[in-house]
Amino acid sequence: IAVSTATAWLRLASMIGPSIVGAMIGIGLEAVFLAFGLVAAVAAVITALFATETKGRVLEEISP
């Protein structure tokens, strides 16, 4: 179920993404780079706050 849900979101983003970028180019190319930069920054903050370091740990220790 999780893989099919992720694939559905991926396909939706693949359809909508180019249209949004095309509309943003009308505003200016800087807006496109700013939007991608903001998304990457938000993803970095979420990863820094909630990711669990798994390097050197056994699977049984990590899994709930």
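Please treat every number below as a calculation from the coordinates, not as lab data. Here the structure is a predicted model, which is why all the values come from computation and not from measurement. Please note: Cβ atoms are built from the backbone with ideal geometry, for glycine as well, and neighbour counts cover all protein chains shown.
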At 1.567 mPa s and 4 °C, plugging the Kirkwood radius over alpha-carbon pairs of the stretch 1-61 into Stokes-Einstein gives what diffusion coefficient in µm²/s? 89
Note to self, the chain gives a 222 nm [θ] from helices alone (DSSP H runs n ≥ 4, -39500 (n - 2.57) apiece, / all residues, nearest 500) of -27500 deg cm²/dmol
Using only Cα atoms, find the angle between the long axis of helix 29-50 and the longest principal axis of the chain, and express it within 0 to 90 degrees, rounded to the nearest 10. 10
0 to 90° range, to nearest 10: angle between helix 2-27 axis and the chain longest Cα axis: 30
At a 10 angstrom cut-off on C-beta neighbours, averaged per residue, how do the peptides 39-47, 51-59 rank from highest to lowest? 39-47, 51-59
Fully extended contour minus Cα-Cα distance, from ILE20 to ILE1, at 0.36 nm per residue: 4.0 nm
